[in-house]
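The values are calculated or read from the model by the stated rules, or taken from the named source; none is laboratory data. What you are looking at is a predicted structure, and each value in this text was computed from that prediction instead of being measured. Note: ideal-geometry Cβ built from the backbone for every residue, glycine included; neighbour counts use all protein chains shown. To get the accessible areas, we keep the full protein, side chains included, count just its heavy atoms, and leave off ligands, DNA and RNA. Shrake-Rupley method; radii C 1.70, N 1.55, O 1.52, S 1.80 Å.
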Amino acid sequence: MSIEVVHSIAAVREKLAPRRGSVGLVPTMGALHRGHLRLIEEARARDRTVTASIFVNPIQFNQPEDYARYPRTLEGDVAVCESAGVDLVFAPPVEEMYPVPPATSVEVATLTEHLCGARRPGHFRGVATVVMKLFEIFQPDRAYFGEKDAQQLAVIERMVRDLNVPVEIIRVPTVREADGLAISSRNQLLSAEERRIAPLLFAALEAAAGAVAAGERDAAAIKRTAAALVEREPRIRVEYLELVDAAGLQPLALLDRPGLLAAAIWLGTTRLIDNVRLEPRQKSHKVVS
Ligand code: PAF
């Protein structure tokens, strides 16, 4: 079946009505890259009908300039979806999604207090609200999100749980370049020199994971290990580097439960985020002589 591209909510509902039971949704803002392709592959492996939304959601941007310059590459994105085996793309104009300024929104508390949530007020409200709308429009059985945006994923999982939304959320591991840099549409904004430096972010997170594997549990020491690497490079500005518990995203003083070491850095005018999950070291067995 060839791909169908629709622009109205009514058309999505009409096209999906006969296909209920195994519908997978990959929500995107377009500018598709290999990370999105992995989400589509995962959807194809599980769902009979694979759908994607391409919508640059104005209510999740903090700065109008950022929204205005977000890449819009619909034609190319549709071609990528088609070759990846997507059945239906929904690419609505803003007026279709927000015919009037929304008076209703979805706010996921506590999980949004730290990390990106603390620096981008209202961002996760915008994300949760549009994802909830997309779930209402598509009524998918499953929806696919990347672990690179760990806080977004946690927020959506919690929203679905709290509001009894009948959608299974599938977590998809971060796709990386050969040198470790997490794939992101922002990578293309890096200069050649910045691109050379960018893998230091993941290297720093990995160094911290190495310290944990060697037995370190103190959060300050874990963070210091990562910070030492990125701070060595004067062109990197660290926005945050935090260790939080993987479930509630609250700061940890001690890695005594699964944690998430997450960071946002600036390289010139480009903001990059990444994270690694840290498991507390297995208790060593006492050797009885
Ligand atoms: O991750 C994204 O691209 C967006 O935040 C999402 C989930 C499509 C909502 O606009």
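With unit charges on the beta carbon (Lys/Arg positive, Asp/Glu negative), name the residue among Pro258, Val230, Cys116 whose Cα is farthest towards the positive pole of the charge dipole of the chain.
Pro258
Calculate what fraction, in whole %, of the accessible area of region 126-172 sits on carbon and sulfur atoms when a 1.4 Å probe is rolled over the protein chains.
Carbon plus sulfur share of accessible area: 40 percent.
Taking the Cα centre of the chain as origin, sum charge times position over the Cβ atoms of Lys and Arg (+1) and Asp and Glu (-1), and report the length of that vector in debye to the nearest 20.
Around 540 debye, computed over the chain.
Using +1 at the Cβ of each Lys and Arg and -1 at the Cβ of each Asp and Glu in the chain, identify which of Ala211, Ala143, Ser2 lies farthest towards the dipole's positive end.
Checked the options; the winner is Ala211.
Given 0.36 nm per residue, what is the gain on full extension from Ala213 to Glu41 after removing their alpha carbon distance, in nm?
Additional length available on full extension: 58.7 nm.
Please report the net charge: other residues with Cβ closer than 12 Å to the Cβ of Val108, K and R +1, D and E -1.
-1
Size of the dipole of region 34-95 about the Cα centre, Lys and Arg at +1 and Asp and Glu at -1 on the beta carbon, nothing else charged, in debye to 20?
200 debye
Using only protein heavy atoms and a 1.4 Å probe, report how much of Asp179 is accessible, in Å² to the nearest 10.
Here the residue's solvent-accessible area equals roughly 80 Å².
To the nearest 0.05, how large is the calculated FRET efficiency for Ala109 and Arg196 if R₀ is 45 Å and r is the Cβ-Cβ distance?
0.65
Please give me the summed charge of the neighbours of Leu267: other residues whose Cβ is under 13 Å from its Cβ, Lys and Arg +1, Asp and Glu -1.
Value of the local net charge: +1.
Provide the packing ranking of 210-216, 30-36, i.e. peptides ordered by the mean count of other C-beta atoms within 10 Å per residue, highest first.
Most protected by this proxy first, the peptides run 30-36, 210-216.
On average, how much accessible surface per residue is there in the chain, in Å², for a 1.4 Å probe, leaving out ligands, DNA and RNA?
49 Å²
Report the residue, chosen from Leu115, Leu252, Leu205, that carries the largest GNM mean-square fluctuation when the chain is represented by alpha-carbon nodes joined by springs under 10 Å.
With Cα springs under 10 Å in the chain, the top fluctuation among Leu115, Leu252, Leu205 is at Leu252.
Suppose only helical runs count, i.e. DSSP H with n ≥ 4. What mean residue ellipticity at 222 nm does that imply for the chain under -39500 (n - 2.57) per run, divided by all residues and rounded to the nearest 500 deg cm²/dmol?
The helix-only estimate for the chain comes to -11000 deg cm²/dmol at 222 nm.
Name the helices (complete DSSP H segments) of the chain with a Cα length along the long axis of 20 Å or more and a Kyte-Doolittle mean of at least 0.0, or state none.
123-138
Treating only the Cβ of Lys, Arg, Asp and Glu as charged (+1, +1, -1, -1), what charge dipole size does region 4-138 show about its Cα centre? Round to the nearest 20 debye.
That gives region 4-138 a dipole magnitude of about 280 debye.
Name the residue from Thr104, Val131, Ala154 whose Cα lies farthest towards the positive end of the charge dipole of region 80-228, charges +1 on Cβ of Lys and Arg and -1 on Cβ of Asp and Glu.
Positive-most Cα among the choices belongs to Ala154.
Starting from a Cα-only point model with no solvent, please compute log10 I(q)/I(0) by Debye for region 61-102 at q = 0.17, 0.27, 0.28 1/Å.
-0.68, -0.99, -1.00
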